[in-house]
Amino acid sequence: MIQLTGAGKRFGPKILFEELNWLITPKDHIGIVGGNGTGKSTLLKALAGIEGLDYGSLSGSKGIRAGYLPQDGITLTGRSVFDECMAVFAEIHALEIEQQDLARRMSELDHSTQEYSQVSERYHHVQSEFTARDGYNIESRVGSVLTGLGFRREDWTKRVEEFSGGWQMRIALAKLLLEEPNLLLLDEPTNHLDLEARNWLETYLASYPNAFILISHDRFFLDVTVTKIAEIWNKRVWFYTGGYSKYEQQKGERRAQLVAAYANQRLRIEALEAFINRFRAQATKAKQVQSRIKELDKIERIEVPPDEKTIHFRFPQPKPSGRIVAEFRNVAKRYGAKTVFEGAAFNIERGDRVALVGINGAGKSTLIRLMSGEDPLTEGEYILGYNVEADYFAQDQYKVLDTESTILDDLGRVAPRASNTELRSILGCFLFGEDDVFKKIGVLSGGERNRYALARMLMMPGNFLLLDEPTNHLDMRAKDVLLTALQEFSGTVVFVSHDRYFIDKLATRVIEVADGQVHAFPGNYEDYLWRKEGGGELAVTPKAGAAPSAKTSQLVGAAAAETPVVKDDKQRRLNPLKLKQMKDRQHGIEDEITRLEVEIADFEQGLSQYQSAQQSIDIAELLESRRNDMKNLLAEWEEVSETIEANR
């Protein structure tokens, strides 16, 4: 469909990529990955015809329709949301109007005339074309896509200019999906989507009938939507089969093979050079020497690209808080006559990592602002626990920074004990290169300033972190650094994120804000979806050969005895996407079981060291709670494991 031959692109003196030979076929579903600044967006623009190549050529088949969605910058005006999307079908709408006009003319003409025959023939042709292009269902298609992307029915009649930039990007995405171009080019399409809309888009793209190429920093999204990965690395584009997880595995294997081939080649080169140097002066060996010189000249030298630096960043650990970090008692929040939520009642305990989820506008940011004290309660009571120090990271956190200070100097004032090397390393984690650290904060873009504000706060964190979309503007490497550091953080974290992988790996609890209510769920996002879908009703037995630890295994029999086994094959058969989610859930449960075992052991140890009656009561309550959690997780682990086994 599209072929790149010897393609290359520069950005000033810097080569982004070169010697790219790539054939894109009509059904390819491809994800482009690579570090910030490697040329992902530039490559996508070249495929869209927006930018030219500096080297090589791009050719395409006749009739290709490419649809391109940038990261941002699209502004729409003049129509309602529904009419804006219906404009995609202008040709089909013209067929409908012509069909109506032809029907009217036929009703007025004499059936025996030549003109009637011509009009009738044209009518049947137009009607066939209209039917073939699914003209009778275009309104329902528009409604389905708008609903999937999070637009309520009452939004459809609003004018597009009433919506913020993020929602206008959703409208632009909806139009592209409705057009169904035979090459869809999406630059970070999930940037402006909440989790529900992202989940819908995953399903839509997984069954997209034509080719698409997208850029995303969301591992889970790439895993379920694409079948190939193109990585821009070391000025080359490398291709892998499968989603992001397969790419990571294949990349490691490819590098190991390359290193082994390089080592073997070096041994051969050294042997040839040793022979040449040893016998160069001997006339009797001249023929053999010349033969080896020719062999040496013909060897195409293998190059091993440098390893990507692995950066590990550990936050300074804060002083411990009390067991109950925060408590909501019948809390409500209203803005005028609008109720965001009411009746919110839940506790957050020390060490919890709580993900706030819900559609855009449901009240996630409002809830996190209440926790930070930025917004007042309308009614109810919010109590911070003993020795709790809250730190709040807002989506517009950059507004409180000193714009005249350089990045490096400002961070040095926050962490005076850190060395210059440590400060630079931490800034590197958050995508600030060698020269960037000397920039004044005032010249940074909004995304860069927010990224720096996050790094700045985490240098001296409180023991109760409140993070509103901390993963925005971070690439995968930076997300990994942040994720690892938060997993090792000894304090308590409440966060909003639209990155499925990040939530699944970090959250130990999920709080949903929806329809004016706040509900808490144990476990990560997969657990939350599992419970929302009623998955907990299934009950099965453990998967052979993959049991939890010895201590856990002692409790499995008891849990199994209390849990009936469901044998309904229809209930257990899963599609590949759900099966993958189930396997991820199994790993998540095993991680949670391991964590609970450690906590239970700590509490048992605490009971053996008497300090006061009240402390013993508190520890006993926590121990009982953790044992109940363990029992529930063991039962669920059995259910998930047999469901996986039944789908093999």
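Here, each number is a calculation from the coordinates, and none is a lab measurement. Predicted model, so just to flag it, every value in this text is computed and none were measured. Cβ placement follows ideal geometry from the backbone for every residue including glycine, while neighbour counts extend to all protein chains displayed.
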Give me T75, T5 ranked fewest to most by other Cβ atoms within 10 Å of their Cβ, as a rough exposure proxy.
-> T75, T5
Options F495, T378, P416, ranked by Cα towards positive dipole end of the chain, top entry (Cβ charges) | P416
Of all DSSP beta bridges in the range 324-532, what percent run antiparallel (nearest 5)?
-> 55
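Under the Kirkwood approximation applied to all pairs of distinct alpha-carbon atoms, what is the hydrodynamic radius of the range 185-330 in Å? Don't skip to the end; give the middle numbers.
Details: mean 1/r = 0.0473 Å⁻¹.
21.1 Å is the Kirkwood radius here.
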From the backbone phi of the range 493-503, what are the Karplus-calculated ³J(HN,Hα) couplings (6.51 cos²θ - 1.76 cosθ + 1.60, θ = phi - 60°) in whole Hz, Gly and Pro given as x?
-> 10, 10, 9, 10, 8, 10, 9, 4, 4, 4, 5
In debye to the nearest 20, the charge dipole size for the chain, taken about the Cα centre with +1 at each Lys and Arg Cβ and -1 at each Asp and Glu Cβ, equals 2680
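E381 to A87: FRET efficiency via 1/(1 + (r/R0)^6), r the Cβ-Cβ distance, R0 41 Å, to the nearest 0.05?
0.20
Subtracting the Cα-Cα distance from 0.36 nm times the residue separation, let me have the gained length for K338 to H111 in nm, one decimal. Walk me through the intermediate numbers first.
Values: separation 227, 0.36 × 227 = 81.72 nm, distance 6.28 nm.
That pair, K338 and H111, stretches by 75.4 nm at full extension.
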Which percent, nearest 5, of DSSP beta bridges in the chain are antiparallel?
-> 55
Find, among the trypsin sites (Lys or Arg not before Pro) in the range 1-107, those assigned to loop by DSSP (not H, G, I, E, B) with at most 15 other beta-carbon atoms within 10 angstrom.
-> K27, K62, R65, R79
Can you list residues whose amide H is under 5 Å from N360's amide H, if they're 5+ apart or on another chain and H is modeled 1.01 Å from N?
-> D194
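Any of K14/K246; K9/K45; K235/K298 with alpha carbons more than 19 Å apart? Name them for me.
On the way: K14/K246 30 Å; K9/K45 11 Å; K235/K298 25 Å.
Long pairs (Cα-Cα over 19 Å): K14/K246; K235/K298.
Given contacts defined as C-alpha pairs under 8 Å and at least six residues apart, what's the relative contact order of the chain, whole-number percent?
Numbers: 1006 pairs, mean separation 77.3, N = 648.
Worked out over the chain, it gives 12 percent.
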Model label zone, K246; criterion: amide N under 20 Å from point 7 Å along Cα-to-beta-carbon; scope the range 4-45 = 22-34
What order do you get for K285, K333 when you list them from fewest to most C-beta neighbours inside 10 Å?
-> K285, K333
With a 30 Å threshold on alpha-carbon distance, the violating pairs from K333/K440; K251/K631; K158/K364 are K333/K440; K251/K631
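For the range 359-454, just say rounded, prolate or oblate: build the C-alpha gyration tensor, square-root its eigenvalues into a ≥ b ≥ c, call rounded for a/c under 1.5, and beyond that prolate if a/b exceeds b/c, oblate if not.
Working: a/c = 2.82, a/b = 1.87, b/c = 1.50.
Prolate, because a/c is 1.5 or more and a/b exceeds b/c.
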Calculate I(q)/I(0) for the range 175-222 by the Debye formula, one identical point scatterer on each C-alpha and no solvent, and give its log10 at q = 0.18 Å⁻¹ to two decimals.
-> -0.53
According to a simple spin-label model (label point 7 Å from Cα along Cα-to-Cβ), what is the distance in nm between I74 and D297?
-> 5.8
Listed residue (W167, V289, T594) projecting farthest to the positive dipole end of the chain, Cβ model | V289
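Counting other Cβ atoms within 10 Å, keep those with at most 15, restrict to DSSP loop, and tell me which GluC sites (Glu not before Pro) in the range 241-343 are left.
Counting only loop positions with at most 15 other Cβ atoms within 10 Å, the GluC sites (Glu not before Pro) in the range 241-343 are E300, E303, E308.
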Residue by residue through the range 28-36, which ³J(HN,Hα) values in whole Hz follow from phi under the Karplus form 6.51 cos²θ - 1.76 cosθ + 1.60 (θ = phi - 60°), with glycine and proline marked x?
-> 5, 10, 10, x, 9, 10, x, x, 4
Please check the chain for the longest run free of chymotrypsin sites (Phe, Trp or Tyr not before Pro) that are loop-located per DSSP (anything but H, G, I, E, B) and have at most 11 other Cβ atoms within 10 Å.
-> 1-385
Assertion target for H111, H498, ordered by fewest C-beta neighbours within 10 angstrom first, is H111, H498
With θ set to phi - 60°, apply the Karplus curve 6.51 cos²θ - 1.76 cosθ + 1.60 along the range 364-376 and write out the HN-Hα couplings as whole Hz, x wherever there is a Gly or Pro.
-> 5, 5, 4, 5, 6, 5, 4, 5, 7, x, 5, 10, x
Computed curve, the range 324-532, Cα-only Debye sum without solvent term, log₁₀ I(q)/I(0) at 0.18 Å⁻¹, is -1.27
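Would you mind computing the Rg to Rh ratio of the range 76-177 from its alpha-carbon coordinates, Kirkwood style for Rh?
1.17
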Other-chain or far-sequence residues with amide H under 5 Å of A326's (modelled H) | I348, G385
Sticking with the crude label model, points 7 Å out along Cα→Cβ, report the distance from I64 to E139 in nm, one decimal please.
-> 3.7
In nm², the average projected area of the convex hull spanned by the Cα atoms of the range 255-294 is 2.8
With semi-axes √(5λ) of the Cα gyration tensor in Å in mind, check [x] 40, 32, 27; [y] 45, 42, 28; [z] 47, 45, 23 and report the label derived from this structure.
-> [y]
